[in-house]
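What follows is one structure encoded as structure tokens, with my remarks underneath.
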Amino acid sequence: MSKTEASSGAAGNKDYQRLVELLAEVTALRQSGGLLFWDQQTYMPRAGARARGNHLATLSKVAHEKFTAPEIGRLLERLRDWEETLPYDSDEASTVRVARREYEKATRLPPDLVVRHSRARTRAHEAWIEARQKNDYKVFRPALGEMVDIMREVADALGYEDHPLDALLDQQEPGMKTADMEKLFGELRQGLVPLVRAIAEKADAVDDSFLHQPFDRETQMEVCREAAGAIGFDLETRGRIDLSVHPFTIGFSRSDVRFTIRIDEGFFNAGFFASLHEAGHGTYMQGLPERFEQSILHEGASSGLHESQSRLWENIVGRSRAFWEFYYPRLQKGFPEQLGKVSREDFYRAVNKVEPSFIRVEADEVTYNLHIMVRFELEKAVFDRELGLDDLPGAWNEKFRNYLGITPPDDLRGCLQDIHWTFGFGGGFAGYTIGNVASVQLYEKALEEHPGLEEEFARGEFSSLLRWMNENVHAHGAKFEPQELLQRVTGRPLDAGPYLAYIKRKFSDIYGL
Ligand code: ZN
């Protein structure tokens, strides 16, 4: 080794230590902001909202300033040569690579655009609330127009090769392209639309009326805790569950992960499956390696990969026959009046009932991705200037007719239902479908290595599956882009094949197709 190489190695190490130190401060600020957010959503007295908004904005501003500081840029620049001498998947190379990717994104946006975006969000949120109260899209239309213009600017500032949506998609799903999503949705459309039609003709084959009756709040909460604990979410020392209007999961470190649920006293599914869903997100956070705790790698790979873990436990496990073989007797003990006379098989069928509906968050496993597809296609059409915003509600309703066979009676049950377009416009929904598709792809790989998983579920044992996800997915934190991770773990990039086969197999059986 020549003298210069040796000294650049040593310098690299010192620069790396400094980078890690600075990133740890940013991580600590972000995680502290997370705690304020959690409190805001759970226990904060209502009147604390304004001050809390200031606290959150200040923390996020300080974190942004620290992360985009010129010193970080200089360190990343100086570390380039050193990084190239390291294995791609090493902690050091990955930290530098991910920090550089995020740094470039964060510094490409001009500060005045960030400010205008933030103001547009506030206006869009207010307009959206008012539009929902009046059930009138026209009230939201001007603010949405402003948001779309700003998101075009954001896409231009971030930069892209093929399509402006690529830049926006990349913020949620690093490396994922609009063309990838179009191919994916094309395959899903072909497989799912005919299946939804076939099931609609046999709609009466599944009765879920007994899920809609009074279920006592306290007992539901107990059941949710028990089930989340059973699948391996650590509630003893590293996690907790609380109530909030919108369920969410947040972690301030791998050792303090919290999720919230909403209990519906008149409908069993709402609380229970949200609990399994959020517990799935929670296992990802609790499964991150301890040595990443203050690192920029202390995250999931993407929203979609995060969603793959929540969907895995909510649907593939939580809506399986094997799971209910284990859990149904316990549930019946909790709700003897409601479920004492309902057979396990009838219960299994009921929690899997397929019904085209207007509201995404209430959609079943089969129709869910069609809801996402509608949003993705509309966003793309708007970006391509094929669809004007005045025509958005009509286009929304037409797509619902084509894909789901139903027409939303109003905008509240149509294009005004999601909060997402008040944050931005473009790419914000893709993660849900990526998650559904990736969940099956990962599960089948786990099943290949542990063919007895279902027998284990029936006995209430979930540790083999959880350990497999720990070792193959969680252990990498944010090291890899979603496509890289899937390729490494399953030998293929994101692939609709296993997902479609799983859906057809499961629902042909339930509906006797
Ligand atoms: Zn989720």
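Observations on the structure shown:
- Pairs with Cβ under 8 Å, 6+ apart, first in region 428-450 and closer than 16 Å to residue 463 by Cα, second among the aliphatic types (A, V, I, L, M) and within 16 Å of the ligand (Cβ to nearest atom): 442/312; 442/469; 442/473; 443/312; 443/316; 446/469
- Residues of region 66-84 that turn out to be surrounded by 15 or more Cβ atoms within 10 Å (Cβ to Cβ) and either of a type outside the set (S, T, N, Q) or in contact with an Asp or Glu (Cβ under 6 Å, 6 or more places away or on another chain) (or both), as a count: 10
- Single condition residue 506 does not satisfy, out of (1) without any contact (Cβ under 8 Å) to a residue 40 or more places away in the chain; (2) over 20 Å from the mean Cα position of the chain (by Cα): (1)
- Residue selection: residue 355 fails the criterion of being within 16 Å of the ligand (Cβ to nearest atom) and more than 19 Å from residue 420 (Cβ to Cβ).
Residue by residue, here is whether (1) touching a Phe, Trp or Tyr at 6+ places or on another chain (Cβ under 6 Å); (2) surrounded by fewer than 17 Cβ atoms within 10 Å (Cβ to Cβ) holds:
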residue	(1), (2)
377	no, no
381	no, yes
390	no, yes
393	yes, no
396	no, no
403	no, no
410	no, yes
414	yes, no
419	no, yes
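- Residues in region 444-466 that are farther than 16 Å from residue 491 by Cβ and under 21 Å from the mean Cα position of the chain (by Cα): 465, 466.
- Close Cβ contacts (under 6 Å, 6 or more residues apart or on different chains) running from residues in region 273-294 that are farther than 15 Å from residue 308 by Cβ to residues that are within 11 Å of the ligand (Cβ to nearest atom) comprise 273/314; 274/247.
- Against the conditions (1) under 18 Å from residue 420 (Cβ atoms); (2) crowded, with 19+ Cβ neighbours inside 10 Å, residue 152 satisfies every one except (2).
- Output for region 243-257, where each listed residue is over 30 Å from residue 339 (Cα atoms), within 16 Å of the ligand (Cβ to nearest atom) and not aliphatic (A, V, I, L, M): 251
- Extreme residue, nearest to the ligand (Cβ to nearest atom), among residues of region 271-320 that are among the charged types (D, E, K, R) and in contact with a strand residue (DSSP E or B) (Cβ under 8 Å, 6 or more places away or on another chain): 278
- Pairs, first closer than 28 Å to residue 61 by Cβ in region 117-142, second charged (D, E, K, R) and modelled with pLDDT of 95 or more, C-beta under 6 Å, six or more apart: 120/146
- Scanning region 413-423 for residues that are modelled with pLDDT under 95, of a type outside the set (Ser, Thr, Tyr) and more than 13 Å from residue 371 (Cβ to Cβ) turns up 419, 423.
- The set of residues from region 359-386 being aliphatic (A, V, I, L, M) and either in a loop (DSSP other than H, G, I, E, B) or at pLDDT below 95 (or both) comprises 359, 361, 363, 366.
- Within region 434-449, the set of residues being within 16 Å of the ligand (Cβ to nearest atom) and not hydrophobic (A, V, I, L, M, F, W, C) comprises 435, 436, 439.
- Residues of region 258-270 satisfying the condition of being away from the ligand (no atom under 15 Å from the Cβ) and surrounded by fewer than 22 Cβ atoms within 10 Å (Cβ to Cβ): 263, 264, 265, 266, 267, 269
- Extreme residue, farthest from the ligand (Cβ to nearest atom), among residues of region 321-348 that are of a type in the set (Phe, Trp, Tyr) and farther than 20 Å from residue 364 by Cβ: 335
- Any hit, region 69-90, residues being farther than 30 Å from residue 485 by Cα and without any contact (Cβ under 8 Å) to a residue 24 or more places away in the chain: yes
- All positions within region 249-263 that are closer than 18 Å to residue 298 by Cα and not basic (Lys, Arg): 249, 250, 251, 252, 253, 255, 256, 257, 259
The values are calculated or read from the model by the stated rules, or taken from the named source; none is laboratory data. Remember, predicted model here, so these are calculated numbers, not experimental data. Note that each Cβ is placed from the backbone with ideal geometry, even for glycine, and that neighbours are counted across all protein chains shown.
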